[in-house]
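Just below is one structure, and these are the notes that go with it.
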Amino acid sequence: MFGDSLTAFGFHEDGWGLLLTTYLTTKFDVLNRGLSGYNSKTALAFVKQVFEGISSPHLITICFGANDCNIGSCQYVSLEEYNLNMQQIVSSLREMYPNTHLVLITPPALDNSKDIDGRTNEIAEKYANVVKTIAQERNLKCIDLWGEMQKEEKWTDFLLDGLHLSREGNKFLFLKFQSPWKELCGDIQEIPRPFPNWRALLK
């Protein structure tokens, strides 16, 4: 898991990272490399250090953009630079891990009625579209969190403060993650455990 606070907070109570850990328990370890406040520029600067010492991960999720679209703040990154940064992040990870599955996650939909600084849902859409285009061009799986959220009638309930995911939002993202996981890695129930069942050992 590589991303901003939406990833970092994924290990908070009821976070999507913890749900993922439970889902994959005894078969895969889940490492959280969420960097709160980071944008694509700062993430790119540290991508190699973030993954130093990690060999051959099975899959990496990449989720940046919620800070990049914060117009008027020091976190802001233009769409053009955001595209270049995200392309380079993907290229760096592909160079480090040529056999690792990469799954891109768009920024979430944002609730304009909340105080979310220079962000708006309309601006977030543009950054989400960049992520979707990169995924399409590079043949990567993408979770369109921005679009999928707004298919639900009460999608603002997925947000805690207009930006970060609530308990319901974390569950929503976790459920959306299962589809690309199954397409790339297969049904978790059919993946053998690395260790034998205890019953087989105590016969």
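Rule-based calculations on the coordinates, nothing more; no lab input. Small disclaimer: the values here were computed from a predicted structure and weren't measured. Glycine gets a Cβ as well: all are built from the backbone with ideal geometry, and neighbour counts include every protein chain shown.
In a simple Cβ point-charge model (Lys, Arg +1; Asp, Glu -1; nothing else charged), the chain has a dipole of about 860 debye relative to its Cα centre.
A protection proxy built from the mean count of other Cβ atoms within 10 Å ranks the segments 153-161, 117-125, most packed first, as 117-125, 153-161.
The protection proxy used here, the mean number of other Cβ atoms lying within 10 Å of each residue, ranks peptides 28-41, 189-202 as follows, highest first: 28-41, 189-202. The angle between the Cα long axis of helix 79-96 and the main principal axis of the chain comes to about 20°, on a 0 to 90 degree scale. When the Gaussian network model of the chain links Cα atoms closer than 10 Å, the mean-square fluctuations of Ile188, Ile143, Ile134 top out at Ile188. For the chain, the longest principal axis of the alpha carbon atoms and the long axis of helix 121-137 meet at an angle near 50°. Computed from Cα atoms, the angle from the helix 167-185 axis to the main principal axis of the chain rounds to 60 degrees.
Across the cross-link table entries Lys114/Lys176; Lys27/Lys176; Lys132/Lys176, which are compared at the Cα atoms, the separations over 18 Å belong to Lys114/Lys176; Lys27/Lys176.
Could you give the size of the charge dipole of the stretch 1-117 about its Cα centre, using +1 on the Cβ of each K and R and -1 on the Cβ of each D and E, expressed in debye and rounded to the nearest 20?
380 debye
Calculated mean residue ellipticity at 222 nm for the chain: -13000 deg cm²/dmol, from DSSP H runs with n ≥ 4 weighted as -39500 (n - 2.57), summed, divided by the residue count and rounded to 500. Looking at Pro107, Leu93, Thr133, which one has the Cα that reaches farthest to the positive end of the dipole of the stretch 66-203 (charges on Cβ: Lys, Arg +1; Asp, Glu -1)? Result: Leu93.
Candidate cross-link partners of Lys151 among the aspartates and glutamates, defined by an alpha-carbon separation under 16 Å and a same-chain spacing of 8 or more, comprise Asp111, Glu122, Glu125, Glu168.
Highest mean packing first, where packing is the average number of other Cβ atoms within 10 Å per residue, the peptides 180-186, 79-85, 1-7 line up as 1-7, 79-85, 180-186. Between Leu31 and Lys151, the contour length at 0.36 nm per residue exceeds the Cα-Cα span by 40.2 nm. Amide H contacts of Leu159: Ser166, each under 5 Å away and 5 or more positions distant or on a separate chain (H built 1.01 Å from N in the peptide plane; Pro and chain starts excluded).
Under 5 Å between amide hydrogens, built in the peptide plane, is the criterion, and for Val103 it picks out Ile60, Thr61, Ile62 among residues at least 5 positions away or on other chains.
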